[in-house]
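The values are calculated or read from the model by the stated rules, or taken from the named source; none is laboratory data. Computed from a predicted model, the values in this text were never measured in an experiment. Note that each Cβ is placed from the backbone with ideal geometry, even for glycine, and that neighbours are counted across all protein chains shown.
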Amino acid sequence: MAGVRERGRLIRDDIIARVRFHPTDIGQVCAARFGISRQAVNKHLHRLVADGILVAHGTTRSRRYSLAELARKKIVIQLKDNPDEDRVWRTEIQPLLSELPPNTRQVWQYGFTGMMNNAIDHSSGNWVCIVVAQTTANVRITLNDDGEGIFRKITRELELDDERHAVLELAKGKLTTDPKNHTGEGIFFTSRLFDRFAILSHEVYFSHESDTDEDWILEAEARSAESSGTYVALELNNSAAKTPSQVFEEYTDDATLAFSKTVVPVRLVRYGDEALISRSQAKRLLTRFDRFKTVILDFDGVEQIGQGFADEVFRVFVRAHPGIEILPVKANSHVDAMIRRARAVA
């Protein structure tokens, strides 16, 4: 009998872990994974709803499930009071996360204090609204300030093409408008530490999903003037195994401990569905590559590249910077052929 109960707990734990990714077909997914009937899965779903762990939305035919919030707290910090991010963490946030494993709390401390410091030092705003939402499976913290907006500020101060260009540079890492006081590493590492990391600023939305290791830029609907600053969302599973030191080690040099490796999603260079053909597009991609020893170019989602684009990246730049390693990954056969052709040119 104990084995049956344990299997039931395992099934319910699996539902809790996967429901965010399968809100409408979690029953079908769970039935396939455990080799049980949909009726059996429905019993587990009904129990999770009755226990207040899941919330069911809609009718039977169009039903979807989500994790129920066990707790939610809203905190407003006035920036005119010159707050310290570590004090906000210690007095407001850490007590809410006291039951989490030590490594998970370390991730939250790093991510929250870094994003809070960005609002304090860079937003030029009046306040930051923080919302902490907890479920059985994860925690989500959002920070929303009323400042200029991160992408707009980067575009203005670094004289970039537009806010999408600012997102591309931010995704590479080592980007800051205040090099005397900041390294520009915080957002890059934070985006890799959390299961989901997102920034919405004015009409531009950037997100990184750790489960798929994908970055996205989307055009969002214009927001009201009251919420036109920067909105940051951090989400992490309560049982996440990662630690800040593990992520740092993945992207730092063993000898110097410098932030020497980055991963750049090539598709972020595109505007809409345009093809990556021109040398100017390649030059935008290559901006600030000279700050790294290794650059991994992720071609996921890129169907083709032009001769000029490939030549600029894999022949011209490589010859001019022999100390920098350019490593393409996830390239389809068409992209791979163009890369090999550019590298083969004498």
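I'm told D51 meets every condition in (1) among the charged types (D, E, K, R); (2) in the same structural domain as N144 (by TED's automatic domain parsing); (3) closer than 24 Å to Q134 by Cβ except one. Can you identify the failing condition by its number?
With respect to (1) among the charged types (D, E, K, R); (2) in the same structural domain as N144 (by TED's automatic domain parsing); (3) closer than 24 Å to Q134 by Cβ, D51 is out only on (2).
Restricting to region 291-339, what's the tally of residues that are among the polar types (S, T, N, Q) and either touching a residue at least 60 places away in the same chain (Cβ under 8 Å) or more than 26 Å from T212 (Cβ to Cβ) (or both)?
Total satisfying the criteria: 1.
Examine region 21-39 for a residue that is within 19 Å of R140 (Cα to Cα), surrounded by 13 or more Cβ atoms within 10 Å (Cβ to Cβ) and either under 29 Å from the mean Cα position of the chain (by Cα) or in the same structural domain as V131 (by TED's automatic domain parsing) (or both), and state whether such a residue exists.
The answer is yes; a qualifying residue exists.
Inspect all residues belonging to region 80-88 and state whether any of them is at pLDDT 90 or above and at positive phi.
yes
Give me a count of the residues in region 51-66 that are at pLDDT below 90 and under 20 Å from N138 (Cα atoms).
3
Taking the conditions exactly as written (closer than 30 Å to D14 by Cβ and either of a type in the set (A, V, I, L, M) or touching a residue at least 24 places away in the same chain (Cβ under 8 Å) (or both)), does A240 satisfy them or not?
yes
Within region 186-215, which residues are buried (at least 16 other Cβ atoms within 10 Å of the Cβ) and modelled with pLDDT under 75?
Correct list: D215 only.
Mind telling me which of the residues E85, E92 ends up being closer than 21 Å to F189 by Cβ, among the acidic types (D, E), in the same structural domain as E157 (by TED's automatic domain parsing) and surrounded by 13 or more Cβ atoms within 10 Å (Cβ to Cβ)?
Working: E92 fails: closer than 21 Å to F189 by Cβ.
Of the residues listed, the single one that is closer than 21 Å to F189 by Cβ, among the acidic types (D, E), in the same structural domain as E157 (by TED's automatic domain parsing) and surrounded by 13 or more Cβ atoms within 10 Å (Cβ to Cβ) is E85.
For region 306-322, which positions are within 13 Å of R343 (Cβ to Cβ) and either in contact with a Leu (Cβ under 8 Å, 6 or more places away or on another chain) or not assigned by TED's automatic domain parsing to the domain that holds S333 (or both)?
Those that are within 13 Å of R343 (Cβ to Cβ) and either in contact with a Leu (Cβ under 8 Å, 6 or more places away or on another chain) or not assigned by TED's automatic domain parsing to the domain that holds S333 (or both): E312, V313, F317.
Within region 247-271, can you find the residues that are assigned to a helix (DSSP H, G or I) and at pLDDT below 85? Give the derivation first.
Within region 247-271, the subset assigned to a helix (DSSP H, G or I) is 247-251, 266-269.
Listed by number, the residues that qualify are V247, F248, E249, E250, Y251.
Is it the case that region 71-78 has a residue that's of a type outside the set (K, R), in contact with an Asp or Glu (Cβ under 9 Å, 6 or more places away or on another chain), without any contact (Cβ under 8 Å) to a residue 60 or more places away in the chain and outside any loop (DSSP other than H, G, I, E, B)?
yes
Do we have any residue at all in region 130-147 that's within 18 Å of the chain's Cα centre (by Cα), part of a strand (DSSP E or B) and charged (D, E, K, R)?
Yes; the residues of region 130-147 include at least one that is within 18 Å of the chain's Cα centre (by Cα), part of a strand (DSSP E or B) and charged (D, E, K, R).
Taking the conditions exactly as written (over 29 Å from the mean Cα position of the chain (by Cα) and either without any contact (Cβ under 8 Å) to a residue 60 or more places away in the chain or within 30 Å of G125 (Cα to Cα) (or both)), does R9 satisfy them or not?
Working: over 29 Å from the mean Cα position of the chain (by Cα): yes; either without any contact (Cβ under 8 Å) to a residue 60 or more places away in the chain or within 30 Å of G125 (Cα to Cα) (or both): yes.
Yes; evaluated as a whole, the condition is true for this residue.
Being crowded, with 16+ Cβ neighbours inside 10 Å, over 13 Å from I339 (Cβ atoms) and free of Cβ contacts under 8 Å to residues at least 40 places away in the same chain narrows it down to one residue among L268, L286, L276; which is it?
After ruling out the rest, the residue left standing is L286.
Quick test for you: out of L285, L297, L236, pick the one residue that is touching a Pro at 6+ places or on another chain (Cβ under 8 Å), outside any loop (DSSP other than H, G, I, E, B) and among the hydrophobic types (A, V, I, L, M, F, W, C).
L297
Which condition number in (1) within 22 Å of the chain's Cα centre (by Cα); (2) under 22 Å from L160 (Cβ atoms); (3) not small (G, A, S) is the one that I296 fails?
Condition (2) is where I296 drops out.
Looking for whichever is surrounded by 14 or more Cβ atoms within 10 Å (Cβ to Cβ), modelled with pLDDT of 70 or more and farther than 26 Å from I324 by Cβ here; the options are A171, A233, A241. Which one fits? Quick ask: steps written out before the conclusion?
Numbers: A171 fails: farther than 26 Å from I324 by Cβ; A241 fails: surrounded by 14 or more Cβ atoms within 10 Å (Cβ to Cβ).
On inspection, the qualifying residue turns out to be A233.
Could you list all residues from region 319-329 that are surrounded by fewer than 16 Cβ atoms within 10 Å (Cβ to Cβ) and either touching a strand residue (DSSP E or B) at 6+ places or on another chain (Cβ under 6 Å) or among the hydroxyl-bearing types (S, T, Y) (or both)?
Residues satisfying the conditions are E325, L327, V329.
Taking the criterion of being out of contact with any Ser or Thr (no Cβ under 6 Å at 6 or more places or on another chain), farther than 21 Å from E235 by Cβ and of a type in the set (S, T, Y), would at least one residue in region 62-79 satisfy it?
The answer is yes; a qualifying residue exists.
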